[in-house]
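Accompanying notes for the structure given below.
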Amino acid sequence: MSERHLAAWRHTLYRQGYLVLTVAGLLTWARLQPGTANVLLLPAWAVAGQLIFAGSFEAARLRRRAWLGQYLLASSPWHRRLRGGPLMVLRHQLLGLLLALLLLVQLRLLPSATWAVLVMAALMQGALQTFLHRRAARHVVAAYAPALVRRLLVWPVAVLLALLLTLLALWLPQPYLIGLAWEEALVRHVSTAAGGTLLGFFERLAQALELTQYWAMQNAVTRSGIGEGLALVGWLLLLLTQSAFAWAFVRLLVGADALRSRLTRRPESGREESA
């Protein structure tokens, strides 16, 4: 292998290695035993929340910087004062923690087939990121190009992942809930294997939400008068849960790249961006 090809492989590993590490970390979390996972819940929640925060806060600062640049002179001190303070940090911290909790709980309940979709989404994100970096390099200021590319990645990858997850959820076998009362369906199918721990509570809550959407969709065609309403509730729950999970997953990957970029940024690049 020539030096040029070796350098290209090193660059690719440097740029996309965070995807491998992040997906491997999520898979490890999903396969932990219930006792170990409960002990590690709070540290994992904090780490995942900060990764999501890193990406979402970077995107918010980028939007704010672009907006201020339209109205303020480059020398104005209001750039620094209005670029985002404690309220913006608090809002994105809360959002990051909420999405991280949803992601961590859902990962432990996923069927094995779903991991193939998640890996495919991560690969697609890496390929799209490489493509956008090459296109942006000719048009965007170098200090802002990585953040702009990360912002552009979120919507297309998250929408496609949510669509694939929804189709997969409809294709995979579902518990047979036709004719059961909602309470009876929960009693029969919500697992109590995780015990009375904090993680077990969140897992049972997620299972109850999933069973509710299946129950509503299956029983909508058998109950007269309320069929359309039940079907609407089921489809809304299905779309909302899959979309929220896809958004959290993509946000975590983007946040991991934002943190990698911040930790490896050259000093002169950091000074240029903070100006």
Q: Would you please give the FRET efficiency between Val39 and Leu172, computed as 1/(1 + (r/R0)^6) with r the Cβ-Cβ distance and R0 = 35 Å, to the nearest 0.05?
A: 0.70
Q.
Report the gain in length on full extension from Ala66 to Gln50: 0.36 nm times residue separation, minus Cα-Cα distance, nm rounded to one decimal.
A. 3.4 nm
**Q.** Pair Arg134, Arg188: separation of 7 Å Cα→Cβ label points (nm)
**A.** 5.4
Q) Per-residue HN-Hα couplings for segment 169-174, Karplus 6.51 cos²θ - 1.76 cosθ + 1.60 at θ = phi - 60°, whole Hz, x for Gly and Pro? A) 5, 6, 7, 5, x, 10
Q: Within 10 Å, count the other beta carbons around each residue, average over each peptide in 170-177, 141-148, 238-245, and list them highest first.
A: 238-245, 141-148, 170-177
Q. Taking 0.36 nm per residue of separation and subtracting the Cα-Cα distance, what length does fully extending Leu198 through Leu123 add?
A. 23.7 nm
Q) Which of the peptides 34-46, 113-125 is most tightly packed, and how do the rest follow, going by the mean number of other Cβ atoms within 10 Å of each residue? A) 113-125, 34-46
Q. Which distance in nm do the two modelled labels at Leu109 and Leu163 give, with both placed 7 Å along the Cα-to-Cβ direction?
A. 2.6
**Q.** Förster radius 25 Å - calculated FRET efficiency between Gln93 and Ala116, Cβ distance, rounded to 0.05
**A.** 0.20
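Only the coordinates and a few stated rules stand behind these numbers; no lab work does. The structure presented is a predicted model; accordingly, all values stated were derived computationally and were not measured. FYI the Cβ positions are ideal-geometry reconstructions off the backbone, even for glycines, and counts take in every protein chain you see.
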